[in-house]
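Just below is one structure, and these are the notes that go with it.
The values are calculated or read from the model by the stated rules, or taken from the named source; none is laboratory data. Source: prediction; values computed, not measured. A quick note on method: Cβ atoms are made from the backbone with ideal geometry, for glycine too, and the neighbour counts reach across all protein chains shown. We work out accessible area using only protein heavy atoms, side chains counted, and drop any ligands, DNA or RNA first. Shrake-Rupley method; radii C 1.70, N 1.55, O 1.52, S 1.80 Å.
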Amino acid sequence: MININNLHACVETADGEAKEIIKGLNLEIKSGEVHAIMGPNGVGKSTLSYVLSGRDGYNVTDGSVELDGVDLLKLNPEERAALGVFLAFQYPVEIPGVNMNVFLKAAVNALRKQRGENELDALGMLKLIKGKSKELGISDDMMRRTVNVGFSGGEKKRNEILQMAMLEPKFCILDETDSGLDIDAIKVVADGVNKLRSPDRSFLVITHYQRLLDYIKPDIVHVMADGKIVKTGGPELALELEEKGYAEFLKAEEQEKAA
Amino acid sequence: MAATEKTIAQVEKLSGGYDAGFYTEIESEKAPKGLNEDIIRFISAKKKEPEWMLERRLKAYYHWLKMPEPDWAKVKFTPIDYQDAYYYAAPKSMENAPDTIDDVDPKLLDTYEKLGIPLREQEMLSGVKNRSAVAVDAVFDSISVATTFKKELKKYGIIFSSLSEAIQNHPELVKKYMGSVVPYSDNKHACLNSAVFTDGSFVYVPEGVRCPMELSTYFRINEMNTGQFERTLIIADKGSYVSYLEGCTAPMHDERQLHAAIVEVIAHEDAEVKYSTVQNWYPGDFNTGAGGIYNFVTKRGLCEGRNSKISWTQVETGSAITWKYPSCILKGDNSQGEFYSVAITNGYQQADTGTKMIHIGKNTKSRIISKGISAGHSDNTYRGVVKVMPGAENARNFTVCDSLLIGNDCGAHTVPYVESRNNTATLGHEATTSKISEDQLFYCMQRGISKEEAIALIVNGFAKEVLQHLPMEFAVEAQKLVAISLEGSIG
């Protein structure tokens with residue numbers, strides 16, 4: 001599915017200088033797997049999600065990223081989306097005046113067009129939206145509102161999951177989807193994600209806390225520090241992190257390496 | 001495709017996708033270049049006008065010579081050389097007015113066809129059963145080419161014709177109403193129009209009649225160095241209703257062209273007039289700003305009677321310079337005025353547009369919703385006046401002015417004047433300025449929507465409040481136009 005090899009990436013700072021954030025990251029996620037990346041603030045987790053989805057201002061200086069053998073780095077964001085890359089935003093963006101229905105229709109049809117499929121008409125779209133929102137337990141009322149405007153934290157994240165369901169991506173990145181959510185809201189969102197798990201879809205779940213991983217059970221957990229993955233293990237790694245805290249965990253790792 | 005043609009096609013593509021920019025090769029009869037008394041006599045004679053009309057024109061002309069140019073708008077341009085333009089141009093084939101649409105030069109019909117305006121009634125009706133018909137007056141340079149559905153409308157007593165015909169056939173109405181809302185001395189551009197206006201549309205809806213179809217005028221400037229000075233007069237008698245639309249396009253010429261129009265609307269007791277405009281004159285070269293139309297228009301409505309209502313909706317996407325303030329004089333008690341505007345500027349366009357709401361009668365209400373969108377190197381100003389006269393007890397106004405900026409080289413300005421001389425008035429004003437953010441664009445793009453499409457989506461959302469006031473037939477077109485106007489606005 002996705003292969004990230006020796007990835008180096010820079011972010012443009014306010015003074016126009018390039019600052020390296022991702023420093024030689026390697027990661028392979030196979031079809032149907034759920035991987036979690038954990039790590040303290042500022043190690044480059046969100047940067048990684050932007051680099052993978054192709055945001056302007058995040059420049060790759062070395063390494064490669066391939067999705068099913070296709071070089072992602074050559075493509076612009078909408079082409080990556082058409083290939084099946086989906087990013088559930090940490091802070092979903094408000095678009096005033098644009099109805100959810102209109103937005104979803106634009107997105108679904110833009111992807112269908114890029115993939116050489118027929119565009120859906122209004123009725124077909126309505127059916128699709130109704131079906132998916134029912135599956136995820138999202139009210140029709142939300143569909144009549146404008147994109148993310150006046151949505152609660154929980155609604156915004158549920159909206160991200162709904163879009164994920166509608167666009168049927170291959171590779172989903174969840175960027176701190178649990179941030180700002182209470183336990184009940186986390187359960188609802190995790191439920192949605194679990195419903196979308198399938199043998200031909202992979203997930204990369206970025207989070208600070210083990211809590212989310214109680215509900216979205218990962219196959220593999222990675223620890224990220226200073227722009228790299230420093231440790232990889234099973235779900236038990238998340239528990240270990242939760243117990244020790246990042247500082248102590250990373251210190252112990254360093255000592256182990258030195259020894 | 002020959003190399004030159006290829007280049008032209010590419011240049012057209014780069015120039016912001018103005019697809020109405022074609023020129024129709026047609027033999028045309030023009031007045032001699034320049035402006036003087038003889039030219040005015042020439043125009044009046046061409047139109048076989050009665051003496052009183054010529055007198056009015058000459059009076060306006062001599063007043064115009066003394067009038068200063070209005071200088072308060074935030075627009076910059078080289079002074080107009082009034083002697084370097086033609087004031088009358090008409091297709092030769094129209095010299096003797098054709099009796100039926102089949103006698104009209106096919107080239108002219110094709111021109112409108114290409115613009116999506118079929119003029120043959122049966123064509124208009126075929127295949128559009130679910131759509132109500134729209135009656136069209138098609139104005140080509142200085143002359144009305146055809147007016148459709150006249151007979152159908154006559155059954156209701158509605159007069160819909162070119163203004164030239166109305167001067168011949170209904171002089172009493174023209175004499176009474178023309179110049180009653182916009183006097184010739186109003187401003188320099190209106191004064192010029194009063195002297196040299198060539199054609200335009202005339203509408204009269206009799207008492208108690210609800211006009212069964214949309215009426216519309218489609219203005220086309222074709223010739224180079226030619227000004228278009230059309231004049232529209234709409235009279236809605238007691239208890240009547242009419243919805244009227246106008247559309248405008250012009251070919252791409254390198255020279256600037258003047259369009260100075262007047263629109264007058266009169267609504268009597270309990271009458272309602274809804275006036276919608278989609279203005280897409282050639283905006284000038286996208287990269288240099290060369291050429292384009294100077295759109296200097298005076299539009300004003302008079303709510304003469306009690307409970308009358310005039311509503312202006314405009315989508316302004318074209319023109320190099322737009323100078324335009326569709327206004328309402330709320331004279332009748334309980335009368336209402338509305339102004340809904342979307343003004344989009346891109347490239348080197350400049351727009352200074354807004355409205356005047358003059359409250360004279362008691363319990364008069366006005367509502368202003370203005371959405372300005374600036375991109376490229378353009379400048380976009382909302383300028384509005386809300387004036388409450390001493391007798392306007394309980395007058396109410398609500399104004400919203402929102403500006404949206406795309407990129408870093410454009411400008412948005414809001415200049416509202418509010419003057420209340422009656423302390424029972426309630427006036428509200430809200431204004432915002434925002435920018436399309438990188439976050440919004442990336443969010444859309446991550447969902448598969450291209451950057452251009454994302455901008456169109458966001459801008460249409462921004463302008464939705466106004467666009468929804470357009471008649472159905474226009475709303476979809478307007479949304480597409482919004483998208484086209486913003487092509488190339490982000491690198």
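One table, with the values for the structure above:
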read-out: In Hz, Karplus ³J(HN,Hα) per residue of the range B:332-349 (6.51, -1.76, 1.60; θ = phi - 60°; x = Gly, Pro); value: x, 4, 6, 7, 10, x, 9, 9, 10, 9, 10, 10, 10, 10, 9, x, 10, 5
read-out: Using a Förster distance of 35 Å, the FRET efficiency for A:Arg144-A:Ala14 (Cβ separation, nearest 0.05); value: 0.35
read-out: Percent accessible area from carbon and sulfur atoms, the protein assembly as shown, protein chains only, probe 1.4 Å; value: 49 percent
read-out: Within 10 Å of each Cβ in A:106-118, the average number of Cβ atoms from other chains; value: 3
read-out: Partner aspartates and glutamates for A:Lys156 [C-alpha distance under 12 Å; skip if fewer than 8 residues away on the same chain]; value: A:Glu94, A:Asp178
read-out: Percent antiparallel among DSSP beta bridges (both partners in the protein assembly as shown, rounded to 5); value: 20 percent
read-out: Net lengthening on full extension, A:Glu168/A:Asp71 (0.36 nm per residue, minus Cα-Cα); value: 32.9 nm
read-out: Ordering of A:235-241, B:430-436 by packing [mean C-beta count within 10 Å, highest first]; value: A:235-241, B:430-436
read-out: Separation between Cα centres of the range A:197-244 and the range A:89-119, rounded to whole Å; value: 30 Å
read-out: DSSP beta bridge pairing in the range B:347-480, given as percent antiparallel to the nearest 5; value: 0 percent
read-out: The range A:2-258 - Debye-derived log10 I(q)/I(0), Cα point model, q = 0.10, 0.17 Å⁻¹; value: -0.51, -1.41
read-out: Euclidean distance between Cα centres, the range B:458-486 to the range A:1-68, Å; value: 39 Å
read-out: Chains A and B together, accessible area buried on both sides, 1.4 angstrom probe, square angstrom; value: 2000 Å²
read-out: Computed [θ] at 222 nm, deg cm²/dmol, the protein assembly as shown (DSSP H ≥ 4; -39,500 (n - 2.57); rounded to nearest 500); value: -9000 deg cm²/dmol
read-out: Calculated FRET value between B:Asp99 and B:Glu152, using beta carbons and R₀ = 25 Å, to 0.05; value: 0.90
read-out: Amide hydrogen neighbours beyond the local backbone of B:Val400, cut-off 5 Å, H modeled; value: B:Ile368, B:Ile369, B:Ser370, B:Glu430
read-out: Under 22 Å from A:Lys74, Cα to Cα: lysines that are on another chain or at least 8 residues apart; value: A:Lys19, A:Lys23, A:Lys30, A:Lys45, A:Lys113, A:Lys170, B:Lys451
read-out: Label-to-label distance, nm, for residues given as B:Asp254 and A:Lys134 (7 Å Cα→Cβ offset); value: 6.4 nm
read-out: Shielding by other protein chains, B:410-418, mean Cβ within 10 Å; value: 0
read-out: Burial ranking of peptide ranges B:190-203, B:56-69, B:171-184 (average Cβ count within 10 Å, highest at the top); value: B:190-203, B:171-184, B:56-69
read-out: Shielding by partners, peptide A:67-77 (average Cβ within 10 angstrom, other chains); value: 1
read-out: Solvent exposure of the protein assembly as shown as accessible area per residue, Å², 1.4 Å probe; value: 41 Å²
read-out: Using θ = phi - 60° and Karplus 6.51 cos²θ - 1.76 cosθ + 1.60, couplings along the range B:477-484 (whole Hz; Gly, Pro as x); value: 4, 5, 5, 5, 4, 4, 5, 5
read-out: Whichever lysines have a C-alpha closer than 20 Å to that of B:Lys76, once near sequence neighbours (fewer than 8 apart) are set aside; value: B:Lys188, B:Lys324
read-out: Ranked by how many other beta carbons lie within 10 Å on average, peptides B:265-275, A:224-234, A:167-177 from highest; value: B:265-275, A:167-177, A:224-234
read-out: Beta bridges by DSSP in the range B:3-485, antiparallel share as percent, to the nearest 5; value: 10 percent
read-out: Förster radius 51 Å - calculated FRET efficiency between B:Glu207 and B:Lys30, Cβ distance, rounded to 0.05; value: 0.75
read-out: Separation of alpha-carbon centers, the range B:181-255 and the range A:147-182, rounded to whole Å; value: 51 Å
